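Shown next, in structure tokens, is the structure this report addresses.
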Protein chains: 2
Amino acid sequence: MSGNNIRRSMPLFSIGIVMQLTELSARQIRYYEEHQLITPMRTEGNRRLFSLNDIDRLLEVKDLLEQGINLAGIKKIFSVKEEVEVETETIKQAEKIRRDLTDVELRKLLRAELLQGGKNRTSLRQGDMSRFFH
Amino acid sequence: MSGNNIRRSMPLFSIGIVMQLTELSARQIRYYEEHQLITPMRTEGNRRLFSLNDIDRLLEVKDLLEQGINLAGIKKIFSVKEEVEVETETIKQAEKIRRDLTDVELRKLLRAELLQGGKNRTSLRQGDMSRFFH
DNA sequence: AATTAATGTGAGAAAACATAACATTTAATT
DNA sequence: AATTAAATGTTATGTTTTCTCACATTAATT
């Protein structure tokens, strides 16, 4: 999942290409950056380099603007979205930790059982075999 | 399938980006173009614009060169590959045509059967109903 | 030693992009 | 109606990137 994200945030496209892909003017794109709706990378020579994520954002900005929402509103919408994403990500990770922990518990139990096998002969393998040797 | 191909042949990347992605020098890239291993598009202002396919090709060129194959060899390899691709495409299409034709045959048969229902009363529906009205 | 294939390097011109300032348009507010 | 603010257009000027072309270098082959 993360590999794809890296790819989508890779700075690849010049402003000329982005203009074509989004049908926005350079002025518009720069203006939206000025208002922090996107934050494209820069080359050593200070040229903007846009990622696929940037392009997605620009298309969304365009769409929302056409719906009559102003830049302030769009910015807020983005920040809310961002929050939601962070939260779901946190939940996901918590879920993963929970799973991992229960796995650890499970292994602990199994390990205890195996170690106890010396004294109390009721280990799994013996239990299985006992069907044939009684 | 074709939509993806269009995307992969879309002229998007400047030579600077391609240099970074392929770790080839501009000289090398232009030289390979000169020898028709790639044919990037041009902007109105005569700048090269590379597609994902171009980049793939360049990486393959690089790889084959490192294996000691010269440009002539690489060119031949590409043309052979191209031929193979064309052939498999042709086979695929022939296969599709065959399928479509047999479908047509099938429908023809069904249609003939339905039309004949007026004279010889053994149509499917009547056949079904006859179980209850005998 | 000479030739060839692949790549490096430098010059000069053109294209693309940068910022900045001022102009225009449109919609909202007074 | 006049004013203001938001969004975009336009123009000017400087810098970066890319273009082609020519010549140089390197390594392998004859």
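Each value in this text was obtained by applying a stated rule to the coordinates, not by laboratory testing. Fair warning: this is a prediction, and the values are worked out from it, not measured in the lab. Reconstructed Cβ throughout: ideal geometry from the backbone, glycine too, with neighbour counts over all protein chains shown.
Numbers at a glance
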quantity	calculated
Cβ-vector label at 7 Å, A:GLN93, separations to other copies in nm	5.3
For A:ALA26, inter-copy label distances in nm, listed shortest first [label point 7 Å out on the Cα-Cβ vector]	1.8
Among A:ILE77, A:ILE38, A:ILE91: highest mean-square fluctuation, GNM of chain A, C-alpha pairs under 10 Å	A:ILE91
Candidates per trypsin sites (Lys or Arg not before Pro) in segment A:4-68, loop by DSSP, up to 16 other Cβ within 10 Å	A:ARG47
Point-to-point label distance, B:VAL86-B:ARG47, nm (Cα→Cβ direction, 7 Å offset)	3.4
Gaussian network model of chain A, Cα within-10 Å springs - most flexible of A:GLY45, A:GLY68, A:GLY16	A:GLY45
Distance between modelled label sites at A:ALA94 and A:ARG30, nm, 7 Å Cα→Cβ extension	4.5
Residue mean of other protein chain beta carbons inside 10 Å, B:3-16	2
Binned Cα-Cα distance frequencies in segment A:2-69 - 5 Å width, integer %	4, 17, 29, 27, 14, 7, 2, 0
Minimum Cβ-to-axis distance in chain B for the rotation onto chain A, with residue, whole Å	B:SER14, 3
√(5λ) per eigenvalue of the Cα gyration tensor, chain A, largest first, Å	58, 17, 12
Segment A:26-40 and segment B:4-62: distance between their alpha carbon centers, rounded to Å	28
